[in-house]
Structures are given as C-alpha cells and as structure tokens.
Ligand code: GLN
C-alpha cells in the first residue's frame, strides 16, 4: 500500500516536471522569438534611411515647389516618428528610384510600389499598405468608350509600372500600341494633346486627377484582380531587415491608433 502510494507520487512528480519543463520550453521559445523581433525593429531607432521615390504620383506622392507631401510621404513620416528613425527623401522617378536602389544609392523605395510576384523575386517588401486596381482613362470627348475602341491607337503608360505591364498584357488582344513615358504628368499631357488615345495608371491616382485636379478624363476600363496589387515599401533582397521590421511595426501601430485612416482619408474621400 505504502509502496504503491510512493510510486504514484513519483509518477505524478515526473509528469508534473515533464509538463512544467514542456511549458517552460514553450514559453522561452516564444519569448526568444518575440525578443528577436523587438530587437530587430528597435535597431531602427536613431537611424536615417535614404528613401527613393517617384517625382509625382498624386495623391500618394505630391511634389509642389520642391516640397513633398501625399499619402506615402505622410505614412512613412508617421511610421518613422513612431519608431524613432529619420527619413531622407530622394524624388527620382519610379523606375530610377528602383535602379538607384539596385546600385545601393538609396536604402528603400516608397513610391506606391505594387507588390507583384515578379518584383518579389528580386526585392523584399513590407506588409501591404494600400490596395488598388489599374484604370484606363480617355478624354471625355474622344468617343472611346471601351477597350475595343482603342484598336489601332496608341496608349500612354509610365515606364516600369504595373500599368505598363497591364497595357502590354492586353495590347495584342485589343490591337493598340504602347508608348512609354517617365512620369505621370506626361501621361495626362499625352492624353490632353492627343498623342495618346488612353492612359493606364493606378485607379486612385486617375480618380484623384479627375476629382481634385479637375483633369478632363473618364475611366473606361479597370483591371480585374489579376492586376490588383497592394503597395509596399521595397528594399533589396535580404537587405534592410531592420527597416522592414520597423516599418511593419510602425504601420501596425498607426493603423491601430487611427493615424493611418486620418492620413488616407485626408487625401482620398
Ligand atoms: N503602383 C504602380 C507600380 O508599382 C505605379 C507606381 C508609380 O507609378 N509610382 O508599378
């Protein structure tokens, strides 16, 4: 009887120990992971990052008299303030910002850059911060009402963008030529002076031009989900893990405290 009870106690003790050590092991694992992540984004504090951006991509990047504003600029600034790092902007143009990053002249690109599978093969991206499709816009008095009407004409796109990739992907089907420009303003000019029948650009960007800048354009088509992407902060592959971690944590915080919504809704209503 006595022996049996002792045995039972020993078994109970062993089970308890196993259980406790199991718990302890689990706990320490999570703690280590957590600490590792925290340490990573803490390392951004006090750093200054060189960020390449577009020349103009309203309302995400607005350049007026050498002053930058817009959703991307303000989101990045809010995240930097939250996480204690500084940012130096380099408005280079979309494609040039990426080549500057390839040549290690800037640390990252924040320019309404869509997270595509193709780009993910070459770059690392933060979590997405804004999702949208691509719009096809024409002059209202042009008579073009659908993609079919563009047969035989030339459409304007910005070099290296998803708008360009979308136009290229349907050019043969709809029988149009694609003309390449360096920045968004040139697309609208090409449309206005009839160098191009249509322009392909991200939906909220076109919408902003129509609603807030009073540009005479109508949207006649929109990409489906195969050309709908989220914008992300881009860095060289396996580089800038600290910045990406700090950006993601900062984005999470400003989404939680309402700053994100305030910034986005101040430009896009
Ligand atoms: N979102 C588009 C892309 O990543 C366009 C970005 C831009 O023109 N700044 O290609």
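The values are calculated or read from the model by the stated rules, or taken from the named source; none is laboratory data. Predicted, not measured: the structure shown is a model, and the values here were computed from it. Neighbour counts run over all protein chains shown; Cβ positions are idealised from the backbone, glycine included.
State which residue is nearest to residue 134 (Cα to Cα) when the search covers only the range 108-122 and only residues that are touching a strand residue (DSSP E or B) at 6+ places or on another chain (Cβ under 8 Å) and surrounded by fewer than 20 Cβ atoms within 10 Å (Cβ to Cβ). This residue is 116. Given the criterion within 13 Å of residue 156 (Cβ to Cβ) and either in contact (Cβ under 8 Å) with a residue 40 or more places away in the chain or surrounded by fewer than 15 Cβ atoms within 10 Å (Cβ to Cβ) (or both), identify the matching residue among 185, 202. After ruling out the rest, the residue left standing is 185.
Within the range 69-86, the set of residues being farther than 20 Å from residue 206 by Cβ, surrounded by fewer than 20 Cβ atoms within 10 Å (Cβ to Cβ) and in contact with a strand residue (DSSP E or B) (Cβ under 7 Å, 6 or more places away or on another chain) comprises 77, 86. Restricted to the range 36-100, the set of strands (runs of 3 or more DSSP E) holding at least 3 residues that are more than 16 Å from the ligand (Cβ to nearest atom), modelled with pLDDT of 95 or more and closer than 19 Å to residue 111 by Cβ comprises 48-53, 86-91. Before we move on, is residue 207 farther than 25 Å from residue 87 by Cβ, surrounded by fewer than 22 Cβ atoms within 10 Å (Cβ to Cβ) and out of contact with any helix residue (DSSP H, G or I) (no Cβ under 8 Å at 6 or more places or on another chain)? Taking the combined requirement at face value, the residue satisfies it.
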